[in-house]
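Here's the structure we're looking at; comments come further down.
The values are calculated or read from the model by the stated rules, or taken from the named source; none is laboratory data. All values derive from a computational prediction rather than experimental measurement. Reconstructed Cβ throughout: ideal geometry from the backbone, glycine too, with neighbour counts over all protein chains shown. Protein only, heavy atoms only, side chains kept; ligands, DNA and RNA dropped before computing areas. Shrake-Rupley method; radii C 1.70, N 1.55, O 1.52, S 1.80 Å.
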Amino acid sequence: MIILDVPEMHCNKCVERITKALEDDKLSFTVSLEDKTVSIDGCQSCASTAISTLDDLGFTATIRG
């Protein structure tokens, strides 16, 4: 599992936008508003796809490391 920090995630609307976009990408993931994270179940390529998608939505995502 790869955890992405998404500090700009502030509300349930953010979670809805992120969830829809990552579902459209066919990724397996979990979004946590409380932690401001997206956990990606998959490989580095899946994480890169998620980061790119989040960037397109206006969120800066970084791999927690």
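Expressed as a whole percent, the accessible surface of the chain that belongs to carbon and sulfur atoms is 49, based on a 1.4 Å probe. Stretching Ala21 away from Ser45 to a fully extended chain increases their span by 7.0 nm, per 0.36 nm per residue minus the current alpha-carbon distance. Overall form of segment 14-62: rounded. Here a/c, set by the Cα gyration tensor axes a ≥ b ≥ c, is under 1.5.
Relative contact order for the chain: 47 percent, from Cα pairs under 8 Å spaced at least 6 residues apart, divided by residue count.
The dipole here belongs to the chain: it is taken about the Cα centre, uses +1 on the Cβ of Lys and Arg and -1 on the Cβ of Asp and Glu, and is about 20 debye. Positive contributions from Lys and Arg (+1) and negative ones from Asp and Glu (-1), summed over other residues with Cβ under 11 Å from the Cβ of Leu54, come out at -4. Taking all protein chains together and a 1.4 Å probe, the residues Asp35, Asp41 rank Asp35, Asp41 from largest to smallest accessible area. The helix-only estimate of mean residue ellipticity at 222 nm for the chain, built from DSSP H runs of length n ≥ 4 each weighted as -39500 (n - 2.57), is -13500 deg cm²/dmol after division by the residue total.
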